[in-house]
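Report on the following structure.
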Amino acid sequence: MRKVAVVGAGMTLFRRRLQETGKELSFEAARMALDQAGIEINEVDAVIHGTAPDAFDGVHMKGEYLADGSGGARKRYMRVFTGGGTGVFSAIAGWWHVASGLADVALVVNEEKMSSCQPHPQSVFAYIWDPILDRPLKPNLVWIFAMEMNRYMTVHKIPYEDIARVAVKNKRNAVGHPCAQLADANITLDDVVNSEMMAWPVRRLDISPPSDGAAAVVLASEDVVRKRKMKEHAAWIKGVGWCIDSTMWTDRDLYFPEYVARAANMAYRQAKIDDPRKQIDFAEPYDPFDYKELHHLEGLGLADKGKAGLMTREGVTERDGDFPVCPSGGLMGVGNPIAATLGIKIGELYWQLTGQSGKRQIPNEVRTGVCQAWGDLMQFGSVMVMGT
Amino acid sequence: MAQRPLDLSPGWRDTELFGWSPMEEVIPSRQPVGAMDGPRFVADCSIQLMPWHASPVRVLDRDVPNVEVVSDTGEALRELPMKGANFPALRVRGRSVEDYMQVSVPKLGRGFGKRGGTVEVDSGEVFPKDCAKPRHEGDTDWRDPLRDFRFFLDHGSGCNAGQTFIPIARFRRAAGLAGVESGEMKVGIVGVGITPFRPTTPEFSWKELTYDGAQRAYADAGIDPREDVDTFITCAEDYYEGFGIFDEFTPDQLGAVMRPMHTVGGDGIAGLANAFMIIQSGIADIAVVESHSKASDILTYEGIVAHGLDPIWNKPLGGHPNLIAGLEMDAYLRASGNTTKDCAAVVAKNRQAALHNPIAGHAARVTPEQAEGSPALWAPLRELDVAPLADGCVVLVVASEKAARNARTTPVWIRGIGWATETPSLETRDWTTSPATRIAASMAYAMAKVRNPGQAFDIAEIDDRFSYKELQHLEALGVARKGQAGKMARRGDLTAGGKFPTNVSGGSLGCGNVLEACGLHRLAEAVLQLRGDAGSHQVDGARNAIVQSWRGLPAASGGVAILGVGK
């Protein structure tokens with residue numbers, strides 16, 4: 001197994017209805033990441049593309065369609081797909097391209113263009129259900145996440161305000177982020193609590209916005225980092241893990257994401273982390289809904305079951321707290337173009353670890369971080385541990 | 001072959017000197033498990049040092065583990081001390097031919113490659129019996145490293161002063177693939193499950209179909225998916241499956257619940273490449289790759305294919321998407337000089353070959369005349385030039401070297417693998433030569449150290465979703481010369497009894513187009529052939545196979561895998 005480093009990252013503005021096509025967004029992000037790494041596209045051995053449902057763009061074999069935008073034409077080009085988990089998973093696939101020795105430099109590009117889907121991307125989510133058991137009920141993502149949130153709140157007796165605080169924290173954190181869609185320096189807890197009820201207990205401001213955008217990272221082997229003298233701005237991938245649960249979401253207790261816990265264990269084992277709370281300095285868990293950040297912190301073993309809300313209330317997870325969580329602003333603040341959240345997860349870890357986060361930089365020194373994405377039908381977790 | 005008696009020199013056991021000792025209990029990690037205790041090869045050579053050589057001359061210009069040069073008295077030499085001295089009976093010995101290939105002997109003039117030098121390999125199993133002598137006079141077959149060596153030894157051309165002895169390194173550089181290393185670990189395919197392909201499967205859902213394929217593969221490999229398998233991979237596309245996020249529906253029927261599993265938006269060889277890399281990275285020992293087709297559930301296949309076209313420039317033009325294949329066929333035939341008659345011969349060959357394959361869904365006694373007489377719906381592409389859709393599932397079990405040695409079946413090693421994508425843009429892509437196949441093949445050849453693909457393989461399983469594609473791919477792979485693939489098809493070279501049996505399984509034309517599972521099906525058929533388990537369509541003595549896949553319309557991406565048994 002070869003050591004693999006992230007040596008560059010880039011992401012585009014996250015907005016609904018950007019004028020660019022998916023190919024152009026991919027190009028923009030790939031160009032930024034390559035420029036940051038100081039690497040030309042002809043030095044890249046393999047391109048890995050991550051993008052979530054084809055139906056968003058209405059293009060069959062979307063990976064093929066985007067190949068030339070992300071620099072994959074006439075190259076080793078691979079598309080991996082794990083629903084929302086693609087945000088971190090494509091970087092895991094990039095990791096094994098380099099770790100296995102089949103590539104020295106790999107470019108990971110994630111793109112999502114949800115606005116092509118009219119009137120709302122929610123209509124694509126009508127086709128993610130089991131066609132016999134679920135689809136006739138005409139479920140909707142907000143409803144089932146309301147069920148999961150309710151279960152989580154009920155089991156642990158968590159007050160709604162503890163969950164809403166996550167939305168406040170992340171939207172404020174996003175203020176320094178140049179790509180952010182919903183940054184708000186003045187948002188208060190009352191704003192979230194009093195926002196429109198979508199499906200009890202989920203309010204409008206509990207939900208991350210659909211978005212268009214792309215993000216990219218450049219991975220390089222240890223040899224390349226040494227030869228090109230990139231050590232100064234390299235963050236090393238220490239461990240990767242991924243895990244999928246059954247399709248039958250109705251068969252499991254939704255209060256705890258066991259699949260995230262298993263993925264995290266896989267990554268921690270590889271990174272030689274026995275006590276994640278002590279050995280990890282900050283986290284970027286997947287937060288498409290505010291309760292998911294808490295849910296995932298518990299899954300990652302960074303909080304006791306039911307105690308993540310308390311950490312938020314006590315300010316531990318603030319950027320200047322003891323254990324910063326989503327210092328980027330997360331999906332709640334920056335936006336949720338599903339696979340392109342690579343830039344908020346892997347990208348933010350890279351920028352924070354190498355001290356390039358600018359206004360978002362965590363004031364305390366950080367050496368090890370963990371990021372995670374979550375996907376499919378509340379069933380997939382992908383985890384990556386990075387360090388300096 | 002007779003085994004040479006080992007004459008161990010005093011320094012022979014010294015691990016510090018040579019990095020290894022035949023007496024060591026522990027076999028160095030880069031050696032295949034089961035390596036023999038003694039040297040695997042002994043090669044005789046003579047060296048005449050010329051007066052103008054600097055003295056002393058190091059025999060090996062850099063340290064090569066496991067290889068040493070000994071004098072006729074059995075004394076190990078690292079340097080040749082005297083100018084102008086003659087060493088008539090030097091002996092190079094080492095543990096694997098791969099090591100030997102890296103030996104670089106500087107400044108030895110023409111002496112080293114002296115005609116008549118001999119190589120003896122003391123294990124008949126490791127190399128085919130005939131490998132030390134060329135099949136035909138003047139044959140420059142590069143099938144395995146030993147032959148390379150033999151060629152250079154015989155022709156005395158491999159060793160100009162200061163040059164690397166065997167130009168593998170040069171070849172890699174020329175191909176621009178210096179980064180490709182096959183890694184430290186071998187990876188093999190140890191289990192195959194194929195469900196019989198059928199035009200429609202009303203009694204099974206796609207989940208049940210997948211379950212059927214998976215349990216066949218697990219039974220074949222003798223593994224329990226819930227305990228033995230470290231990672232699972234499905235190759236699928238949302239639109240074919242009719243789901244928003246198909247990855248959701250992959251784990252249950254494979255036994256992958258609560259395990260690492262992901263979807264690859266690619267064909268079977270892309271899935272295999274992922275399995276190969278995950279195992280090479282050292283985080284998994286056994287991986288399962290699955291792909292299936294439930295094409296009979298698709299109401300408007302051509303509508304789905306049309307959605308693969310650029311939504312702004314191409315899709316609005318309308319028409320049946322097979323017209324792209326028709327245009328490509330026309331471009332290819334004009335550029336290569338092959339004819340529609342050659343394509344008709346491919347159709348007849350594959351449809352008839354499928355009669356011997358019990359899993360084939362579209363076997364028929366089609367003649368070339370019938371193929372040529374079918375309606376030219378997308379001229380010059382005719383109705384019978386198109387592989388008909390079928391339902392089916394293919395599952396492969398892939399294992400690391402260690403796990404493969406414990407498997408129930410003969411492991412089929414992945415000697416090389418490559419994949420690539422040409423631009424998706426119809427306006428700017430190369431329509432004639434399938435560049436994705438060429439790029440993927442050069443990667444796989446570099447990894448498998450294949451120099452002359454025309455001679456290196458016993459059988460081929462090549463994508464033939466359109467008849468002309470088989471010819472185009474054979475030429476892109478370099479196994480047929482440009483414009484010659486058609487002649488090979490018409491001469492009967494590509495049949496089971498011919499010179500280069502290609503798609504003896506029946507290919508997609510005979511078995512059916514199983515969408516993303518086509519690549520896995522090509523792999524599975526090659527694996528069965530190499531194991532000797534292909535039954536009624538077995539090609540005798542097949543030991544090396546080349547497998548190629550294409551993703552189908554409108555994509556221009558594909559993969560190449562080189563499989564082999566033994567060693």
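This table checks each residue for (1) within 14 Å of another protein chain (Cβ to nearest Cβ); (2) crowded, with 19+ Cβ neighbours inside 10 Å; (3) closer than 30 Å to A:S246 by Cβ.
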| site | (1), (2), (3) |
| --- | --- |
| A:C117 | yes, no, yes |
| A:W129 | yes, yes, yes |
| A:P136 | no, no, yes |
| A:D162 | no, yes, yes |
| A:V168 | no, yes, no |
| A:V175 | no, no, no |
| A:C179 | no, yes, no |
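Among the residues in the stretch A:203-216, are any within 14 Å of A:Y152 (Cβ to Cβ) and small (G, A, S)?
Within the stretch A:203-216, none of the residues are within 14 Å of A:Y152 (Cβ to Cβ) and small (G, A, S).
How many residues are free of Cβ contacts under 8 Å to residues at least 60 places away in the same chain and either within 14 Å of another protein chain (Cβ to nearest Cβ) or polar (S, T, N, Q) (or both) when one looks only at the stretch B:304-354?
Counting residues in the stretch B:304-354 that are free of Cβ contacts under 8 Å to residues at least 60 places away in the same chain and either within 14 Å of another protein chain (Cβ to nearest Cβ) or polar (S, T, N, Q) (or both) gives 6.
Could you tell me whether any residue of the stretch B:515-535 is within 14 Å of chain A (Cβ to nearest Cβ) and in a loop (DSSP other than H, G, I, E, B)?
Scanning the stretch B:515-535, I find no residue that is within 14 Å of chain A (Cβ to nearest Cβ) and in a loop (DSSP other than H, G, I, E, B), so the answer is no.
Among the residues that make up the stretch A:348-366, is at least one of them among the small types (G, A, S), assigned to a loop (DSSP other than H, G, I, E, B) and touching a Leu at 6+ places or on another chain (Cβ under 7 Å)?
Checked the stretch A:348-366: no residue is among the small types (G, A, S), assigned to a loop (DSSP other than H, G, I, E, B) and touching a Leu at 6+ places or on another chain (Cβ under 7 Å).
If you scan the stretch A:96-112, which residues turn out to be at the interface with another protein chain (Cβ under 7 Å from one of its Cβ atoms) and either in contact with a His (Cβ under 8 Å, 6 or more places away or on another chain) or under 14 Å from A:M78 (Cβ atoms) (or both)?
Result: A:W96, A:H97, A:S100, A:L102, A:A103.
Residues are listed down the side, and each one gets a yes or a no for (1) more than 25 Å from the chain's Cα centre (by Cα); (2) within 25 Å of B:Q548 (Cβ to Cβ); (3) hydroxyl-bearing (S, T, Y); (4) in a strand (DSSP E or B):
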position: B:Y239; (1), (2), (3), (4): yes, yes, yes, no
position: B:F276; (1), (2), (3), (4): no, yes, no, no
position: B:W313; (1), (2), (3), (4): yes, no, no, no
position: B:H320; (1), (2), (3), (4): yes, no, no, no
position: B:I324; (1), (2), (3), (4): yes, yes, no, no
position: B:A335; (1), (2), (3), (4): yes, yes, no, no
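What do you reckon, is B:D228 closer than 22 Å to B:H521 by Cβ, of a type in the set (D, E, K, R) and at pLDDT below 95?
When the stated conditions are applied, B:D228 does not pass them.
Does any residue of the stretch B:463-482 turn out to be over 21 Å from B:F276 (Cα atoms), among the β-branched types (V, I, T) and within 14 Å of another protein chain (Cβ to nearest Cβ)?
No, there is no match, as no residue in the stretch B:463-482 is over 21 Å from B:F276 (Cα atoms), among the β-branched types (V, I, T) and within 14 Å of another protein chain (Cβ to nearest Cβ).
Can you tell me which residues in the stretch A:251-283 are surrounded by fewer than 16 Cβ atoms within 10 Å (Cβ to Cβ) and in contact (Cβ under 8 Å) with a residue 60 or more places away in the chain?
Matches in the stretch A:251-283: A:D253 only.
Within the stretch A:188-234, track down each residue that is hydroxyl-bearing (S, T, Y), surrounded by fewer than 19 Cβ atoms within 10 Å (Cβ to Cβ) and either assigned to a strand (DSSP E or B) or modelled with pLDDT under 95 (or both).
none
Considering only residues that are charged (D, E, K, R) and in a loop (DSSP other than H, G, I, E, B), look in the stretch A:235-256 and name the one that is nearest to the other protein chains (Cβ to nearest Cβ).
That would be A:D245.
Among the residues of the stretch A:3-25, is there at least one that is closer than 25 Å to B:S281 by Cα, within 10 Å of chain B (Cβ to nearest Cβ) and in contact with a Gly (Cβ under 9 Å, 6 or more places away or on another chain)?
Yes, the stretch A:3-25 contains at least one residue that is closer than 25 Å to B:S281 by Cα, within 10 Å of chain B (Cβ to nearest Cβ) and in contact with a Gly (Cβ under 9 Å, 6 or more places away or on another chain).
If you scan the stretch A:65-78, which residues turn out to be at the interface with chain B (Cβ under 7 Å from one of its Cβ atoms) and in a loop (DSSP other than H, G, I, E, B)?
Correct list: A:A67, A:D68, A:G72, A:A73, A:R74.
Considering only the stretch A:215-227, state which residues are away from every other protein chain (no Cβ under 14 Å) and either without any contact (Cβ under 8 Å) to a residue 60 or more places away in the chain or farther than 27 Å from A:L66 by Cα (or both).
Scanning the stretch A:215-227 gives A:V225, A:R226.
Consider A:L294 against the criteria (1) crowded, with 24+ Cβ neighbours inside 10 Å; (2) touching a Phe, Trp or Tyr at 6+ places or on another chain (Cβ under 9 Å); (3) closer than 20 Å to A:T12 by Cα: it satisfies all of them except one. Which criterion is unmet?
If we test A:L294 against (1) crowded, with 24+ Cβ neighbours inside 10 Å; (2) touching a Phe, Trp or Tyr at 6+ places or on another chain (Cβ under 9 Å); (3) closer than 20 Å to A:T12 by Cα, just (3) comes out false.
Just name the residue that is surrounded by the fewest Cβ atoms within 10 Å (Cβ to Cβ) out of those in the stretch B:256-290 that are at the interface with another protein chain (Cβ under 7 Å from one of its Cβ atoms) and closer than 12 Å to B:E227 by Cα.
Only one residue fits best here, namely B:M258.
Can you tell me which of (1) in contact (Cβ under 8 Å) with a residue 40 or more places away in the chain; (2) in contact with a Phe, Trp or Tyr (Cβ under 8 Å, 6 or more places away or on another chain); (3) of a type outside the set (S, T, Y) is the one B:A496 doesn't meet?
For B:A496, the failing item is (2).
Could you go through the stretch A:91-106 and let me know if any residue there is within 21 Å of B:A420 (Cβ to Cβ), among the β-branched types (V, I, T) and crowded, with 18+ Cβ neighbours inside 10 Å.
Yes, the stretch A:91-106 contains a residue that is within 21 Å of B:A420 (Cβ to Cβ), among the β-branched types (V, I, T) and crowded, with 18+ Cβ neighbours inside 10 Å.
Sort through A:F89, A:F56, A:F81 and tell me the only one that's within 22 Å of B:F246 (Cα to Cα), among the aromatic types (F, W, Y), within 7 Å of chain B (Cβ to nearest Cβ) and assigned to a helix (DSSP H, G or I).
None of the others qualify; the one that does is A:F89.
For residues that are within 14 Å of chain A (Cβ to nearest Cβ) and part of a loop (DSSP other than H, G, I, E, B), scanning just the stretch B:536-554, find the one that is surrounded by the fewest Cβ atoms within 10 Å (Cβ to Cβ).
Restricting to residues being within 14 Å of chain A (Cβ to nearest Cβ) and part of a loop (DSSP other than H, G, I, E, B), the top hit is B:L553.
Quick check: anything in the stretch B:194-210 touching a residue at least 40 places away in the same chain (Cβ under 8 Å), crowded, with 24+ Cβ neighbours inside 10 Å, away from chain A (no Cβ under 14 Å) and part of a strand (DSSP E or B)?
yes
Listed here are the residues, each with its yes/no results for (1) farther than 30 Å from B:A236 by Cβ; (2) touching a strand residue (DSSP E or B) at 6+ places or on another chain (Cβ under 6 Å); (3) outside the structural domain of B:E461 (by TED's automatic domain parsing).
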{"residue": "B:A363", "(1), (2), (3)": "no, no, yes"}
{"residue": "B:P380", "(1), (2), (3)": "yes, no, yes"}
{"residue": "B:A407", "(1), (2), (3)": "no, yes, no"}
{"residue": "B:G416", "(1), (2), (3)": "no, yes, no"}
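The values are calculated or read from the model by the stated rules, or taken from the named source; none is laboratory data. Note that this is a predicted model, so its numbers are computed, not measured. All Cβ positions, glycine included, derive from the backbone under ideal geometry; neighbour counts span all protein chains shown.
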